Amino acid sequence: MKSDVSIIIVNYASKEDTFKCIQKIKEYTSKISYEIIVVDNASREDIGTELVKKYPDVIFLQMSYNAGFARANNRGIEISGGRYVLLLNPDAFITANSVDRCVQKMDAYPDIVASGCQLLNLDGSKQFSGGYFERGRRWIVEVPYWRRVAKPVFDLFIKEKQLDPDRVDWIIGAFLLVRKDPLKRVGLFDEDFFLYAEEIELCSRLKKFGRVVIFRDVQVYHVMGGSSSYAFGTDCVNLWDRRERQRILSVLVWLRKQYGVPWFLISLSCFIFAIPFYACGNILDVLRGRQTISRALYKTGNYILNCFVWLSYLRRIISNKPYFYKTL
């Protein structure tokens, strides 16, 4: 018998969170039928044996390599039997009837193709849960120190939208509920993406068939950093670290796919042009006593390294040929 929703959880070195996530689903979901599919991205931990023993009704899939978010979710979607697919991070913990209510709301509004909810920190404060495409403006203008130059310029051409409480362009993949029929029509996740931005690209295709919304009255706790040390959607304050290297690469790939070569080149150029601003900003922080000189040199050097890595993919991204963009 077909279930109402197939809940897909991708695990990578987050066994405790995955087990807690499953337990919350079982505790707080009672008004709809569901199946749970756990896809393990070749974690070193032996989650499969323990999972099947503790939750024999859970479907377990083992990937042979760390396939990332898009490919692992696709394997789960391919075997799913629900009318809806819920992509749920292992560090996202549902509250009472949150999944029930989202499914019921989408049943009531057939024009909604995908929905999210209000993500919360553990202290109850709100997280960024979804936004607008805006040609990647959100990421390009948030480079530290460079923002003061870039934001006024970008404001002339791309107006920042105020987040509509009901209707958005894309939803954070920590909790993303998708109607199965339009998903079959537009295709699954683009497997060029390893991690980050894949939900934006998918939502850009889904929007052709209906609305993408966030149900603000439905809330789910999300431990930012539980499955990723720097969660997607926050300000670009760590542009020097390895995860930001992956995140911005994914954003650049998405911009090429959705807006073409010219806008991709403009966006990449902005990150390159930001180097002297970023370096000078770090020096000023040293003079103000906000950080040590060794820390400033470390951050600046690694940001420059990240820029060279993004530049190294220039021809490949322009060609737009299938490729697995993985740097982690």
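Residues whose amide H comes within less than 5 Å of that of Val218, counting only those at least five positions distant or on another chain, are Gln118 (H built at 1.01 Å from N in the peptide plane). With angles folded into 0 to 90 degrees, how steeply does helix 68-79 sit against the dominant principal axis of the chain? Use alpha carbons for both and round to 10. For helix 68-79, the angle is close to 20 degrees.
Going by the alpha-carbon gyration tensor, a ≥ b ≥ c the square roots of its eigenvalues, is the stretch 20-63 rounded (a/c under 1.5) or, if a/c is not under 1.5, prolate (a/b greater than b/c) versus oblate? Mind dumping the intermediate values first?
Working: a/c = 2.31, a/b = 2.06, b/c = 1.12.
In terms of gyration-tensor shape, prolate.
Sorted from greatest to least, the principal axis extents spanned by the alpha carbons of the stretch 176-310 come out as 57, 38, 21 Å. At R0 = 30 Å, how high is the FRET efficiency between Tyr259 and Asp181 if r is their beta carbon distance? Nearest 0.05 is fine. With a Förster radius of 30 Å, E is 0.60.
Give the dimensionless ratio obtained when the Cα radius of gyration of the stretch 1-128 is divided by 2.2 N^0.38 Å. Walk me through the numbers before you get to the answer.
Working: Rg = 14.5 Å, N = 128, 2.2 N^0.38 = 13.9 Å.
Against the compact-globule rule of thumb, the ratio is 1.04.
Mind running the shape call on the stretch 259-307? Use the C-alpha gyration tensor, a ≥ b ≥ c as the square roots of the eigenvalues: rounded below 1.5 for a/c, prolate if a/b tops b/c, oblate otherwise. Cα axes put the stretch 259-307 in the prolate bin.
Sorting the segments 170-182, 308-320, 261-273 by their residues' average number of neighbouring beta-carbon atoms within 10 angstrom, most packed first, yields 170-182, 261-273, 308-320.
For Arg211, the accessible surface of its heavy atoms amounts to roughly 60 Å² (probe 1.4 Å, protein chains only, rounded to the nearest 10).
The stretch 241-313 and the stretch 102-130 have their alpha-carbon centroids 32 Å apart. Computed over the alpha-carbon atoms, the stretch 95-183 gives an Rg to Rh ratio of 1.06, Rh here being the Kirkwood radius from the mean inverse distance.
Considering only Cα-Cα distances, which of the following residue pairs are longer than 30 Å: Lys54/Lys184; Lys24/Lys208; Lys2/Lys24; Lys31/Lys326; Lys2/Lys26; Lys151/Lys299? Mind dumping the intermediate values first?
Working: Lys54/Lys184 32 Å; Lys24/Lys208 33 Å; Lys2/Lys24 22 Å; Lys31/Lys326 40 Å; Lys2/Lys26 18 Å; Lys151/Lys299 22 Å.
Pairs exceeding the cut-off: Lys54/Lys184; Lys24/Lys208; Lys31/Lys326.
Global size of the chain: 20.2, 67 Å for Rg and Dmax (C-alpha atoms, Rg to one decimal, Dmax whole).
The angle between the Cα long axis of helix 293-312 and the main principal axis of the chain comes to about 70°, on a 0 to 90 degree scale.
With the biggest extent put first, the Cα atoms of the stretch 26-94 measure 36, 25, 21 Å across the principal axes.
The values are calculated or read from the model by the stated rules, or taken from the named source; none is laboratory data. Only a predicted model underlies this, so the values are computations on that prediction, with no experimental measurement involved. Cβ atoms come from the backbone with ideal geometry, glycine included; neighbour counts cover every protein chain shown. Just the protein is used for accessible areas: all its heavy atoms, side chains included, with ligands, DNA and RNA removed. Shrake-Rupley method; radii C 1.70, N 1.55, O 1.52, S 1.80 Å.
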